[in-house]
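Taken together, the values in this text are just the output of simple stated rules run on the coordinates, not laboratory data. Predicted model, so just to flag it, every value in this text is computed and none were measured. Quick reminder, even Gly has a Cβ in these numbers, built from the backbone with ideal geometry, and neighbours come from all protein chains shown.
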Amino acid sequence: MNKIKILVVEDDAPVRSLITMTLKANDYAFVTAAGGEEAVQEAASHNPDIVLLDLGLPDIDGVEVIGRIRSWSNMPIIVISARSEDTDKIRALDAGADDYLTKPFSVDELLARLRVTQRRLALLASAGAGGESVYVNGQLRIDYAAGCVTLGGEELHLTPIEYKLLCLMASNTGKVLTHTYITQRVWGSSWENDIASLRVFMATLRRKLESGPDAPQYIQTHVGVGYRMLRVE
Ligand code: CA
């Protein structure tokens with residue numbers, strides 16, 4: 001069986017070895033880079049399945065690394081940032097990162113994020129050339145051609161904006177989408193008002209979609225960042 005290969009980009013040697021030891025113990029293959037330029041080169045020469053990218057690098061900015069990789073590849077990128085770099089994290093997601101981890105993180109968190117990304121990769125592979133006309137996730141089913149959404153066989157009555165929002169989340173299952181990204185795609189702009197509206201529409205969508213407000217099954221909130229559609233088993 002081919003191991004999943006991870007490119008670990010981290011200039012801090014102790015953190016880097018903690019990550020690589022974790023990967024090794026969990027049967028992942030890996031390559032490492034200690035700076036941004038090296039990261040771009042390693043990404044091109046090894047074509048890893050997933051990139052773990054520290055944002056605070058000594059040579060070039062992590063966000064620029066994402067931009068360069070995104071100019072030729074959609075490989076999943078999980079950024080690692082310190083708590084003080086919250087705005088960098090959002091810039092990184094807007095630049096095309098898939099997910100993030102905040103330092104200090106536990107080994108379990110790291111492995112959980114990798115599993116989410118692997119499920120996303122598997123989903124993309126099974127979707128093949130895309131153009132799927134039906135989306136199924138747990139009890140949720142979206143029939144794009146009919147514009148119809150059902151939950152456990154019952155039709156959900158969504159407003160046009162709720163439907164657009166749900167389709168956007170569904171087509172990015174597993175990926176964290178920022179408030180800016182979502183509002184730009186749903187409203188075509190990203191003003192403060194749009195972000196406030198997004199919260200309102202998201203709340204009404206979730207009331208229809210989730211069985212209880214305390215345990216959201218489908219849409220996860222990332223406070224101050226955005227939302228993620230989860231893959232439901
Ligand atoms: Ca660093």
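If I ask for residues that are farther than 15 Å from Pro76 by Cα and surrounded by 14 or more Cβ atoms within 10 Å (Cβ to Cβ), which ones from region 1-11 would you list?
Applying the first criterion (farther than 15 Å from Pro76 by Cα) to region 1-11 yields 1-3, 10-11.
Those that are farther than 15 Å from Pro76 by Cα and surrounded by 14 or more Cβ atoms within 10 Å (Cβ to Cβ): Glu10, Asp11.
Applying the condition of being more than 18 Å from Val63 (Cα to Cα) and within 23 Å of the chain's Cα centre (by Cα) to region 2-17 and asking which residue is nearest to the ligand (Cβ to nearest atom) yields Val15.
Please work out if Asp108 is without any contact (Cβ under 8 Å) to a residue 40 or more places away in the chain and within 16 Å of the ligand (Cβ to nearest atom). Give the steps one after another, and end with the answer.
Details: without any contact (Cβ under 8 Å) to a residue 40 or more places away in the chain: yes; within 16 Å of the ligand (Cβ to nearest atom): no.
Criteria not met by Asp108.
Pairs linking a residue in region 166-177 that is within 11 Å of Leu124 (Cα to Cα) to a residue that is assigned to a helix (DSSP H, G or I), with Cβ atoms under 8 Å and 6 or more positions apart or on different chains, are Thr173/Arg120; Thr173/Leu123; Gly174/Val116; Gly174/Thr117; Gly174/Arg119; Gly174/Arg120; Gly174/Leu123. Ile80 passes all but one of (1) within 12 Å of the ligand (Cβ to nearest atom); (2) more than 16 Å from Arg113 (Cβ to Cβ); which number fails? Only one criterion in (1) within 12 Å of the ligand (Cβ to nearest atom); (2) more than 16 Å from Arg113 (Cβ to Cβ) is unmet by Ile80, namely (2). Could you check, for region 25-40, whether at least one of its residues is in contact (Cβ under 8 Å) with a residue 24 or more places away in the chain, among the acidic types (Asp, Glu), out of contact with any strand residue (DSSP E or B) (no Cβ under 9 Å at 6 or more places or on another chain) and at positive phi? Scanning region 25-40, I find at least one residue that is in contact (Cβ under 8 Å) with a residue 24 or more places away in the chain, among the acidic types (Asp, Glu), out of contact with any strand residue (DSSP E or B) (no Cβ under 9 Å at 6 or more places or on another chain) and at positive phi, so the answer is yes. Of the residues making up region 76-86, those that are surrounded by 15 or more Cβ atoms within 10 Å (Cβ to Cβ) and outside any strand (DSSP E or B) are Pro76, Glu85. In region 55-73, of all residues being surrounded by fewer than 16 Cβ atoms within 10 Å (Cβ to Cβ), more than 16 Å from the ligand (Cβ to nearest atom) and touching a residue at least 12 places away in the same chain (Cβ under 8 Å), the one that is farthest from Ala125 (Cα to Cα) corresponds to Gly67.
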